[in-house]
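The values are calculated or read from the model by the stated rules, or taken from the named source; none is laboratory data. Remember, predicted model here, so these are calculated numbers, not experimental data. Please note: Cβ atoms are built from the backbone with ideal geometry, for glycine as well, and neighbour counts cover all protein chains shown. Heavy atoms of the whole protein, side chains included, go into the accessibility calculation; ligands, DNA and RNA do not. Shrake-Rupley method; radii C 1.70, N 1.55, O 1.52, S 1.80 Å.
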Amino acid sequence: MPSYDLANRLVVGVASSALFDLRESDAVFREQGEEAYRAHQEENVDNTLRPGVAFAFIRRLLSLNDLGEPGDPLVEVIILSRNDPDTGLRVMRSIEAHELPVSRAVFMQGRSPYAFMTALNMSLFLSANGDDVREAVAAGLPAGHVLGSSYADDLDDPELRIAFDFDGVLASDAAEQVYQSGGLEEFRAHETRNAATPHDPGPLRDFLAGVNRIQRREEERRRTDPDHPSRIHVSIVTARAAPAHERAVRSLKQWGVTVNGAFFLGGIDKSAVMTVLRPHIFFDDQVTHLQSTSRTTPSVHIPFGRINET
């Protein structure tokens, strides 16, 4: 088999717990133990798993491969799972039943699989296992903990909408540390003084850069096909407000990344915006924000920075 290079692709790792609703299987494991879990998965190997929190996001991300050449996809999704190969059969058969073009997987029989992220050129790993995600982030890797229940996807909607918080997600948490130690006025003064100095990148800056590469492919397609729709819409939704907004905007520009929309909410509950924006995934570093958004929006906690150390 010829070598398959991941270097120029947007590679996302996803645990089966993020892709599918595994609450029933997990309950068997917790209440009856590993052998009962293995028997349950074998008995249900042809019982297709229902979509989980990240399913709509992953399905739509993979649909963007029609912008590439046949056999040369722009997006690669790889399963990173604590299952062993035997219990992982149900996961792979469910992927096939849902017609997801996912063919690569790593099964680790109870061990955390995040250590393979760098080897597989991943710019994002999603899991419902909070311990795995925290260990990955502590190792400097871009990982997120999916929250909430499965999401009722609208199959007639062709867009992929992605929303990011800014500090602690796209940017480092240095400014958030100023806010935590000095309060709102010191934070605003600090960001105004440093408006021309870009933030250090945060854990998901490279993932956004990968999404932007695909957006540029869409722009190229529209130059030859004006009727081709713009399917990707990226927003930042942040508690920042003027005058602290300027440094965020300048940082994005100096990093060479772009967003289509920006919401500088100044403390307004983010869930109110999410119900209108309807992103297929939202990334934030603070659980307090996600407690409300996860009721209606596929939400992901990025346990990065000092605020997540306690």
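Residue count for segment 18-35 satisfying the condition of being open to solvent by less than 30 Å² (accessible area, probe 1.4 Å) and either over 17 Å from Gly52 (Cβ atoms) or in contact with an Asp or Glu (Cβ under 8 Å, 6 or more places away or on another chain) (or both): 1. Scanning segment 199-222 finds no residues that are farther than 18 Å from Val259 by Cα, open to solvent by 20 Å² or more (accessible area, probe 1.4 Å) and not in a helix (DSSP H, G or I).
For segment 274-292, check the following and say yes or no: at least one residue is open to solvent by 60 Å² or more (accessible area, probe 1.4 Å), at pLDDT below 95, farther than 26 Å from Ala56 by Cα and not hydroxyl-bearing (Ser, Thr, Tyr). There is no residue in segment 274-292 that is open to solvent by 60 Å² or more (accessible area, probe 1.4 Å), at pLDDT below 95, farther than 26 Å from Ala56 by Cα and not hydroxyl-bearing (Ser, Thr, Tyr). The residue list Arg134, Arg111 contains one member that is among the basic types (Lys, Arg), surrounded by fewer than 22 Cβ atoms within 10 Å (Cβ to Cβ) and under 16 Å from the mean Cα position of the chain (by Cα), which is Arg134. Return only the number of the condition from (1) in contact with an Asp or Glu (Cβ under 7 Å, 6 or more places away or on another chain); (2) in a helix (DSSP H, G or I); (3) closer than 27 Å to Leu204 by Cα; (4) without any contact (Cβ under 8 Å) to a residue 60 or more places away in the chain that Ser112 does not satisfy. The failed condition is (2). Arg161: open to solvent by less than 20 Å² (accessible area, probe 1.4 Å), within 28 Å of Asn65 (Cβ to Cβ) and not in a helix (DSSP H, G or I), yes or no? So Arg161 passes the test. Within segment 71-81, the presence of at least one residue that is of a type outside the set (Asp, Glu) and in contact with a Ser or Thr (Cβ under 7 Å, 6 or more places away or on another chain) is confirmed.
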